[in-house]
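The values are calculated or read from the model by the stated rules, or taken from the named source; none is laboratory data. Keep in mind that this is a model prediction, so the values were computed, not measured. Here the Cβ positions follow ideal geometry from the backbone for every residue, glycine too, while neighbour counts run over all protein chains shown.
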Amino acid sequence: MKRMIILLSLFVGACATPTPAPNTTASVATPVVAAAPTAAATVSGVDADTQAMIAKAHAMGYFPRQQNGQTVYCKRETPIGSRLPETTCMTEAALLDVIRNVATTQQNLNRPVACSGGRCTTG
């Protein structure tokens, strides 16, 4: 349930606000080692699916970062009720799950709903 709320808030936040410019300042816990200059930049040795995933992640406000020799994708957000931004990082597999869940949620929200006699069905 908590995961669904987080995903829904990511979706709503991505739709409601413009994407801010990536912040290049380092977090205390995780220093920035390398970041991609643009989402459209082609990286040698990376297949087209990974480049498409990186582009979608960049559009959602995520940026790549090296952490313990592994590439993770991070997003800097300010939680509700706080003025201090936090950096949240996830692995490529977790980011793929987020991207798939956002796409599924968008598809579900675009389905027509028919209500008749107190019953609603999706078409």
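State yes or no: is G61 of a type outside the set (K, R), surrounded by fewer than 14 Cβ atoms within 10 Å (Cβ to Cβ) and on the phi > 0 side of the Ramachandran plot? Considered against the rule, which asks whether it is of a type outside the set (K, R), surrounded by fewer than 14 Cβ atoms within 10 Å (Cβ to Cβ) and on the phi > 0 side of the Ramachandran plot, G61 comes out as no.
Among the residues of the stretch 48-58, the ones that are surrounded by 15 or more Cβ atoms within 10 Å (Cβ to Cβ) and of a type in the set (D, E, K, R) come to 1 in all.
Selection of the stretch 68-123 for residues being free of Cβ contacts under 8 Å to residues at least 40 places away in the same chain, loosely packed, with under 13 Cβ neighbours inside 10 Å, within 18 Å of A52 (Cβ to Cβ) and not small (G, A, S) yields R100, T104, Q107.
Conditions (1) under 14 Å from the mean Cα position of the chain (by Cα); (2) at pLDDT below 60; (3) among the β-branched types (V, I, T), marked per residue:
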residue	(1), (2), (3)
C15	yes, yes, no
A36	no, yes, no
D49	no, no, no
E86	no, no, no
